[in-house]
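Data block below; observations after.
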Amino acid sequence: MMGGKDMMRIVRGIPMTADEFVDEWFESDVVKAAIASLGIHGLTLGVYGAGTGYTLMHNWANRGGLSHVAVQGGIGKISESLASAVKSFGGEICTNAEVKQIVIKDMRATGVVLSIGEEISASNVISAADPKHTFLSLVGAMELPPEFVWNVQSIKMRGSVAKVHLLTDGKHGIPDGTVALAPSIKYLEKAYDAAKYHSISEKPYLEVTTSGKVVSIHFQFAAYALNGRKLLLHLDTNRRTPELWNEKREVLADIAVKTLAEYFPALNSSIVARHIITPLDLEQTYGLTEGDLNHGQIMLDQFMFMRPIPGWSNHKTPIDNLYLCGSGVHGGGSQRGKRTECSEDSEVGN
């Protein structure tokens with residue numbers, strides 16, 4: 001519906017790097033870097049990576065511009081509205097126990113088992129958890145065709161995002177709204193180098209959202225698998241990755257504050273408390289495999305109709321009556337709705 005000319009621009013832009021994409025449109029290095037940062041936001045790729053032209057367009061379209069659109073009353077209003085809609089149709093929302101298993105009988109989903117032992121029967125089961133967690137943990141490989149399991153195991157997650165939420169006395173000097181700390185294209189690419197070597201960037205790309213006394217920092221890059229030691233919760237008995245992240249948690253926050261304070265010197269003295277969310281926390285607390293915000297990296301082999309895997313982009317699964325939704329499927333990979341927004345009277349740590 002866009003017409004041949006505009007569609008050709010999009011198709012041409014998909015495999016481009018974010019650097020190449022912005023270079024065609026802008027002259028200012030500062031403007032180029034700020035806009036190119038959207039091409040890597042939430043992803044483990046650098047601005048010189050092929051396909052980041054697509055992710056730049058993708059994130060820009062989902063946000064409606066360079067920064068997030070403000071939600072009146074805070075981002076929590078979206079969840080409240082969705083919950084109200086479910087309840088208006090007679091739905092019940094359970095938040096006191098996690099789903100531990102999807103019950104499968106004769107290749108058909110018949111319900112779920114909760115962590116408290118309760119089994120809930122259902123004619124259909126719809127999972128918004130990421131595809132790896134859904135199929136490998138909730139369903140189980142034994143219930144699925146071998147080739148399908150292999151394809152799911154091959155989904156690239158590679159989370160490298162951390163969050164640092166600061167509660168201040170309000171005298172931090174940072175304007176309300178969104179601030180992108182992306183001084184140059186080379187700065188962004190160098191920040192990505194840390195993820196390639198399974199470490200934490202000492203000069204990170206930051207996107208900072210400020211509301212009154214609360215400063216929320218989106219931190220890239222901080223590799224989920226520090227020093228190359230990948231955590232497999234169901235296999236790893238040494239718990240090496242958790243130990244490493246426990247050691248590096250405060251280091252990451254120190255880097256974030258130090259980097260931001262170079263531009264806003266009053267920040268340090270204004271901090272009252274801070275809450276740190278590592279990629280490991282994103283997995284263990286929020287159920288995001290390897291801390292991947294997108295439920296699978298948005299890469300050229302994992303985008304659009306190839307989400308979650310080629311041939312299964314229509315929400316269906318090999319299990320009858322089991323369907324996928326959320327960021328891991330076609331149309332997903334969006335940051336919208338995942339961002340943590342805090343009001344002035346929020347408690348850091350909630």
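No value in this document is a laboratory result; all are computed from the given coordinates. A quick note: this is a predicted structure, and the numbers were derived from the prediction, not measured. We place every Cβ from the backbone using ideal geometry, glycine too, and count neighbours over all the protein chains shown.
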Rel. contact order, % - alpha carbon contacts under 8 angstrom, at least six apart, the chain: 21 percent
FRET efficiency, 1/(1 + (r/R0)^6) with R0 56 Å, evaluated for LEU114 and SER269 via beta carbons: 0.75
The stretch 141-234 - percent relative contact order, Cα under 8 Å, separation 6 or more: 34 percent
Rounded to whole Hz, the Karplus (6.51, -1.76, 1.60) HN-Hα couplings of the stretch 80-89, x for glycine and proline: 5, 5, 5, 4, 5, 5, 4, 5, 5, 9
Computed E for ILE78/GLU147 - FRET, C-beta separation, R0 45 angstrom, nearest 0.05: 0.75
Local net charge near LEU138, Cβ-Cβ under 12 Å (Lys/Arg +1, Asp/Glu -1): -1
Peptides ranked, highest mean first, by Cβ atoms within 10 Å: ranges 203-215, 307-319: 203-215, 307-319
On Cα atoms only, tilt of 52-63 relative to the major axis of the chain in degrees: 90 degrees
Members of LYS32/LYS171; LYS163/LYS186; LYS32/LYS213; LYS32/LYS186; LYS156/LYS248; LYS32/LYS163 lying beyond 19 Å, as alpha-carbon distances in this model show: LYS32/LYS171; LYS163/LYS186; LYS32/LYS213; LYS156/LYS248; LYS32/LYS163
Ranked packing of 42-54, 283-295, most packed first, by mean Cβ within 10 Å: 42-54, 283-295
For the stretch 98-115, 3J(HN,Hα) per residue [Karplus equation, 6.51 cos²θ - 1.76 cosθ + 1.60, θ = phi - 60°, Hz, x = Gly/Pro]: 8, 7, 9, 7, 9, 7, 10, 9, 6, 6, 9, 6, 10, x, 9, 10, 8, 5
Within the chain, helix-based [θ] at 222 nm, where runs of 4 or more DSSP H residues each add -39,500 (n - 2.57), nearest 500: -8500 deg cm²/dmol
Answer label, with Rg/Rh (Cα atoms, Kirkwood Rh) calculated from the coordinates and candidates [x] 0.97; [y] 1.12; [z] 1.02: [x]
Highest to lowest packing among 248-259, 84-95, scored as the average C-beta count within 10 Å: 248-259, 84-95
Hits among aspartates and glutamates - C-alpha to C-alpha of LYS105 under 19 Å, sequence gap 8 or more where chains match: GLU118, GLU119, GLU143, ASP320
Stretch gain in nm, segment ALA128-LEU300, where the contour uses 0.36 nm per residue and the Cα spacing is subtracted: 59.7 nm
Debye intensity ratio in log₁₀ form over the Cα atoms of the stretch 48-199, taken at each q of 0.15 Å⁻¹: -1.20
Inter-label distance, nm, simple model (7 Å from Cα along the C-beta direction), ASP176/LYS196: 4.2 nm
Within straight-line cross-link reach of LYS190, aspartates and glutamates at Cα separation under 12 Å, skipping those fewer than 8 residues along the same chain: GLU202
³J(HN,Hα), Karplus 6.51/-1.76/1.60, whole Hz, each residue of the stretch 169-178, x for Gly, Pro: 8, x, 9, 7, x, 9, x, 4, x, 10
Contour minus Cα-Cα distance for LEU66 and ASP320 (0.36 nm per residue): 87.4 nm
